[in-house]
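Throughout, read-outs are computed from the coordinates displayed, never taken from laboratory work. Worth saying up front: this structure is predicted, and the values here are computed from it rather than measured. We place every Cβ from the backbone using ideal geometry, glycine too, and count neighbours over all the protein chains shown.
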């Protein structure tokens, strides 16, 4: 089913939060990351999300990184401002401030700190959407402890709130569920696959709007997405098969992902360090060596397809 013409499509990467040696936010480095995102042939980028270490930032810092991204993007790409908080009141505050500061789309993760019944989640998400009725919203559901929100839940939420425009789900073996959501939404919800884009080749033919991976592979996966959409399946698989070892290895652990992602951006000449805020994953020497090897293979791929 064809997406609505006003919906985004393709790769929407997550911009990581760069830090200085004292773990304060590195504004200059963040501006470089935004510039790189603008060079990837994409329509939008997102921050501060899980891959931005949002859970280690103060509320003021969450707003700060969005302000910087909006300013640096200067309309070249849209900025999706993640406004996550377990408190609905705080999530609404973040969202409304991000709208004031120029964010184009607001993103919100379903609160998954503790298990909640669907009625509670419906109330939380419905009140959030009602608080910014004129702004497109992307809802993300990453639920390591169980299934994500159901197609019926999604349909009810969309019927109540027209600004519910995008949905990002992160779970394996999800093609049948994605197909059902696409069918019931009648192309009015842009459905995005998360988890680094690991399942994108399976899901593009069924009609997903795009993927939301790390920034370090955004330009590569955008090319894969376009090739697959154009029916150039062999070319898409050839490129994807070369990038998959790096994605698969880094996603074994979210904190390992931060290290591997920033190391890749260093290898690509965009970041100067791979500092993550503590508590952070401390890789052993074997992992460090393997990540460097994987990242060198990514650089070779970039050279081959550029």
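Worth a mention:
- Between region 51-110 and region 193-231, the C-alpha centres lie 24 angstrom from each other.
- Cα radius of gyration and Dmax for region 92-198 (Å): 13.4, 38
- The chain: antiparallel DSSP beta bridges as a percent of all, rounded to 5: 5 percent
- Debye log10 I(q)/I(0) at q = 0.12, 0.13, 0.14, 0.16 Å⁻¹ for region 39-126, Cα point scatterers: -0.37, -0.43, -0.49, -0.62
- Whole-number percent relative contact order across the chain, with pairs defined as alpha carbons under 8 Å at least 6 apart: 19 percent
- Residues 38, 46 in ascending order of nearby Cβ atoms (within 10 Å, fewest first): 38, 46.
- Stokes-Einstein D (µm²/s) once Rh is taken as the Kirkwood radius of region 191-306 over alpha-carbon pairs, at 37 °C in 0.692 mPa s: 224 µm²/s
- Label point distance in nm, residue 130-residue 286, each placed 7 Å from Cα along Cα→Cβ: 5.4 nm
- Percent of C-alpha pairs per 10 Å bin, region 195-243, short to long: 28, 64, 8
- Residue exposure sequence - 223, 62 - by fewest surrounding Cβ within 10 Å: 223, 62
- Placing R0 at 25 angstrom, the Cβ-Cβ distance between residue 89 and residue 163 gives a FRET efficiency of 0.85 after rounding to 0.05.
- Fewest-first ranking of 258, 161, using other Cβ atoms within 10 Å as the exposure measure: 161, 258
- Separation of region 240-306 from region 139-156 is 29 Å, based on Cα centroids.
- Region 68-108 - Rg over Rh from alpha carbon coordinates, Kirkwood radius: 1.01
- Per-selection Kirkwood Rh - region 1-87 (Cα, Å, 1 d.p.): 13.5 Å
- Contour minus Cα-Cα distance for residue 28 and residue 122 (0.36 nm per residue): 29.9 nm
- Reciprocal of mean inverse Cα separation for region 153-202 (Kirkwood radius, Å): 11.4 Å
- Virtual spin-label span in nm between residue 252 and residue 20, 7 Å along Cα→Cβ: 3.4 nm
- Over every Cα atom in the chain, the radius of gyration and the widest Cα-Cα span, Dmax, amount to 18.2, 52 Å.
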